[in-house]
Amino acid sequence: MPVSISDYPVHLQEGLKLNRECLKSQGSQNEDRKVFHRDSLEVSQLSKNREILMDKIKHTVVQSAASFSDMRAGILKEIREEKGQYGYHDVVNACGLSYARLYSEIELRHENEQYYKTDGTPLTKEEETEWLDMQYGQEVEWQKSCARIAAQGQAFQGNISETPTKEIEKLEDAFYQARDAYMKLYHESKQDGRPLALQNFVFGNSRMYEVLDRLGNLQERVE
């Protein structure tokens with residue numbers, strides 16, 4: 001069919017219009033791809049941040065002042081259930097074992113992983129050990145205070161002639177000897193693959209325990 005030259009501008013304009021629509025569509029698709037890619041990166045980063053946060057929460061150590069006393073009370077409860085009662089000799093052993101068990105937990109935590117304080121800063125094994133030492137020292141002072149108060153009460157009632165000051169002071173030495181003995185036992189047990197268990201160690205002399213056990217009301221005070 002014959003075509004006049006006047007037809008060309010019409011066809012050219014339609015072609016340009018189609019090309020512009022095509023380019024516009026391609027541009028829109030490219031923009032959508034960029035937005036999708038950006039959103040995917042943001043979601044991926046948020047997911048990574050969440051994983052980091054959850055891992056940090058999982059590895060955050062809350063140092064409770066009740067940790068030591070709860071451990072010691074649990075051991076004494078087992079002794080009472082087995083023997084029917086316990087005395088200062090058992091309390092000293094329970095405290096020594098509590099220290100070693102809590103130390104073993106600290107050492108296990110810091111073998112291959114990083115732990116954190118509640119404020120998000122790194123927590124070191126040395127800092128946890130210092131905290132445990134402080135808790136043990138406070139426990140020893142509390143036990144001495146309980147013994148002293150009980151003795152003063154017994155003296156006031158006329159049940160004993162005087163407060164056994166020397167025995168109470170010797171009690172402090174017994175507690176630290178127990179800590180050292182159970183730490184030695186912990187390291188030996190670790191090498192041999194044996195569980196860390198309560199022993200019947202005797203620290204100090206029997207006279208000290210006889211005097212202190214006569215003060216009475218021990219069970220109600222140490223739990």
Inset, instruction - Just order 136-147, 152-163 by mean Cβ neighbour count inside 10 Å, highest at the front, would you? - result: 136-147, 152-163
Legend entry - Label-point separation in nm, residue 108 to residue 78, each point 7 Å along Cα→Cβ: 1.3
Inset, instruction - Find how much the distance from residue 116 to residue 157 grows on full extension, using 0.36 nm per residue of separation minus their present alpha carbon separation; answer in nm with one decimal. - result: 9.6 nm
Inset, instruction - Just the number, please: carbon plus sulfur as a percent of the accessible area of segment 100-223, 1.4 Å probe, no ligands or DNA/RNA counted. - result: 47
Legend entry - Gap separating the Cα centres of segment 116-135 and segment 63-99, nearest whole Å: 23
Legend entry - Residues with amide H under 5 Å from that of residue 115, placed H, sequence gap 5 or more: 123
Inset, instruction - Run a plain Debye calculation on segment 135-223 (Cα atoms as equal point scatterers, no solvent) and give log10 I(q)/I(0) at q = 0.19 Å⁻¹, rounded to two decimals, same order as the q list. - result: -0.91
Legend entry - Equivalent ellipsoid, segment 164-213 (semi-axes from 5 times Cα gyration tensor eigenvalues, Å): 28, 10, 6
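The values are calculated or read from the model by the stated rules, or taken from the named source; none is laboratory data. Because the structure is a prediction, the values reported are computed rather than measured. For neighbour counting, all protein chains shown are included, and Cβ atoms are generated from backbone atoms with ideal geometry for every residue, glycine included. Side chains included, ligands, DNA and RNA excluded: accessible areas come from the protein's heavy atoms. Shrake-Rupley method; radii C 1.70, N 1.55, O 1.52, S 1.80 Å.
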